[in-house]
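This report refers to the structure that appears directly beneath it.
The values are calculated or read from the model by the stated rules, or taken from the named source; none is laboratory data. Remember, it's a predicted structure, so these values are computed and weren't measured experimentally. Note: ideal-geometry Cβ built from the backbone for every residue, glycine included; neighbour counts use all protein chains shown. Only protein heavy atoms, including side chains, enter the accessible area calculation; ligands, DNA and RNA are left aside. Shrake-Rupley method; radii C 1.70, N 1.55, O 1.52, S 1.80 Å.
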Amino acid sequence: MLFVIARTLFNARVGFWTAIVFATLPGVSYASALITTDAPLIFLWVLMMFFWVMLVKQKSMGYAILLGLAIGTGLLAKQAMIYAVLCIACHAVVSREAREALKGGRAIVAGLIAIALFSPNIFWNAEHGWPTAKHTGDNMGWRAPYVHPLELLEFVGAQFALFGPILFAVLIRAAIRYVGRPDDPNKTLLLSFSLPILLALVIQALLSRAHGNWAATAYPAATVFVTAILIEHGRRVLLGVSMALHILVAAVIGIAPAFARTWTPFEQLTFLQSSIAWEETADAVRKLLSEGRYGAVLADTRDMTAELLYYMRDVDTPIYAWKRRADPHHHYQMTRPFVAGVPEPILLVSVHSCRRGIIGKFDNVTELPPVQVPLVRNQTRTLYACVLSGYHGDGK
């Protein structure tokens with residue numbers, strides 16, 4: 001789809017290299033190894049971009065309908081799709097073509113279709129006390145003094161890592177020069193679908209914090225823009241060096257998990273500690289279950305709950321998530337919270353020891369010997385477990 005967009009805006013050569021550049025971005029290489037909502041989001045985001053490009057060029061009601069379908073479906077994938085509204089609005093501010101594309105009822109049709117598709121989510125949230133809005137508010141975390149320069153530096157540094165140091169530097173330099181004297185409506189469109197997202201998240205990072213991957217939707221358009229700039233200016237060597245670096249990173253990301261436990265250099269890759277050996281961790285929990293009679297398994301974090309649900313999906317013993325406060329903080333605290341009446345005894349498992357805030361709510365607590373799960377050659381993950389019964393909550 002990025003090839004088609006770049007070919008439509010420029011030519012087939014730019015389209016070809018855009019597709020290759022995007023596929024080898026460090027952020028894409030890493031994210032491709034994960035099961036996350038970013039995959040459908042980015043696909044639908046690129047579809048939305050294509051439909052917007054065609055709507056701007058042809059002013060067709062058909063593309064307005066398709067645009068609404070892409071935005072509405074994208075919102076169901078991940079609510080970061082809402083950035084599409086911001087980007088379209090910014091493009092309309094600076095482009096007469098964009099404003100013309102929204103006339104004739106096309107904006108209304110696209111908006112109504114998107115809202116209609118997203119409406120089940122809105123109704124569900126209304127019936128359940130707006131948990132998504134509360135969770136989004138927690139993620140934003142605006143707090144005094146509202147100036148966090150270190151968080152801002154961390155976010156900007158993450159963008160150099162995700163988009164690549166050369167490409168991100170080219171993006172910043174070219175965007176600054178182009179914004180000062182725009183002369184190409186196609187580049188204006190692409191910057192409208194990248195810069196507003198990055199600027200919004202820079203402000204968010206300064207006010208509180210912003211994870212690096214929150215800017216993922218900025219990079220499809222940014223990839224087309226940067227690739228076109230490099231090719232137009234004959235920067236083949238720079239593009240080649242960038243791609244070589246990215247391919248090396250992709251190779252490391254691809255092979256590191258397979259060799260991490262036997263090749264010493266991989267011990268320095270800290271991201272491996274959180275991404276490997278979860279199947280073995282689940283096997284250790286499975287072994288503990290086989291050594292006694294338990295009514296349920298209790299996990300104290302979102303990560304632990306998710307990993308156990310995946311790797312122990314063939315186990316009949318139910319798995320619950322510990323809920324520390326009234327409002328759920330994540331999906332599992334909403335769908336499978338631990339409550340009074342769960343069959344006992346309960347096997348509490350954690351990588352952070354048996355927390356006092358949990359075991360203090362039970363009359364009977366038996367700590368089991370910790371289990372060491374091998375990670376890489378000289379590192380292990382410690383699995384803590386406790387047997388709990390006599391739940392009294394806060395009533396004692």
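Mind listing whichever residues of segment 162-206 are part of a loop (DSSP other than H, G, I, E, B), closer than 15 Å to A228 by Cβ and out of contact with any helix residue (DSSP H, G or I) (no Cβ under 6 Å at 6 or more places or on another chain)?
Result: D183, D184.
Condition (residue is under 30 Å from M48 (Cβ atoms), touching a residue at least 60 places away in the same chain (Cβ under 8 Å) and loosely packed, with under 15 Cβ neighbours inside 10 Å) applied to segment 256-263: is it met by at least one residue?
no
Go through (1) surrounded by fewer than 18 Cβ atoms within 10 Å (Cβ to Cβ); (2) assigned to a helix (DSSP H, G or I) for V224 and report which single condition fails.
Status for V224: all satisfied but (1).
Please indicate, with yes or no, whether at least one residue in segment 293-301 is free of Cβ contacts under 8 Å to residues at least 40 places away in the same chain and in contact with a helix residue (DSSP H, G or I) (Cβ under 8 Å, 6 or more places away or on another chain).
The answer is no, given that none of the residues of segment 293-301 is free of Cβ contacts under 8 Å to residues at least 40 places away in the same chain and in contact with a helix residue (DSSP H, G or I) (Cβ under 8 Å, 6 or more places away or on another chain).
Conditions: (1) surrounded by 13 or more Cβ atoms within 10 Å (Cβ to Cβ); (2) within 22 Å of K287 (Cβ to Cβ); (3) in contact (Cβ under 8 Å) with a residue 40 or more places away in the chain. P343 meets all but one. Number of the miss?
(1)
Here's the yes/no breakdown for (1) of a type outside the set (S, T, Y); (2) under 17 Å from I5 (Cα atoms); (3) open to solvent by 20 Å² or more (accessible area, probe 1.4 Å):
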position: L44; (1), (2), (3): yes, yes, yes
position: M48; (1), (2), (3): yes, yes, no
position: A64; (1), (2), (3): yes, yes, no
position: A70; (1), (2), (3): yes, yes, no
position: V85; (1), (2), (3): yes, no, yes
position: V93; (1), (2), (3): yes, no, yes
position: K103; (1), (2), (3): yes, no, yes
position: R106; (1), (2), (3): yes, no, yes
position: G111; (1), (2), (3): yes, no, yes
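On the given criteria, is V365 farther than 21 Å from S274 by Cα and more than 25 Å from the chain's Cα centre (by Cα)?
Yes; evaluated as a whole, the condition is true for this residue.
Quick one: in segment 180-201, which of the residues that are among the aliphatic types (A, V, I, L, M) and more than 18 Å from V170 (Cα to Cα) is least open to solvent (accessible area, probe 1.4 Å)?
Looking at residues that are among the aliphatic types (A, V, I, L, M) and more than 18 Å from V170 (Cα to Cα), I get L201.
Return the pairs, sorted by first residue and then second, in which the second residue is modelled with pLDDT under 95, the first residue lies in segment 385-396 and is loosely packed, with under 11 Cβ neighbours inside 10 Å, the beta carbons are less than 6 Å apart, and the residues are 6+ apart or on different chains.
G393/K361
What about L288, is it modelled with pLDDT of 90 or more and under 27 Å from G27 (Cβ atoms)?
Considered against the rule, which asks whether it is modelled with pLDDT of 90 or more and under 27 Å from G27 (Cβ atoms), L288 comes out as no.
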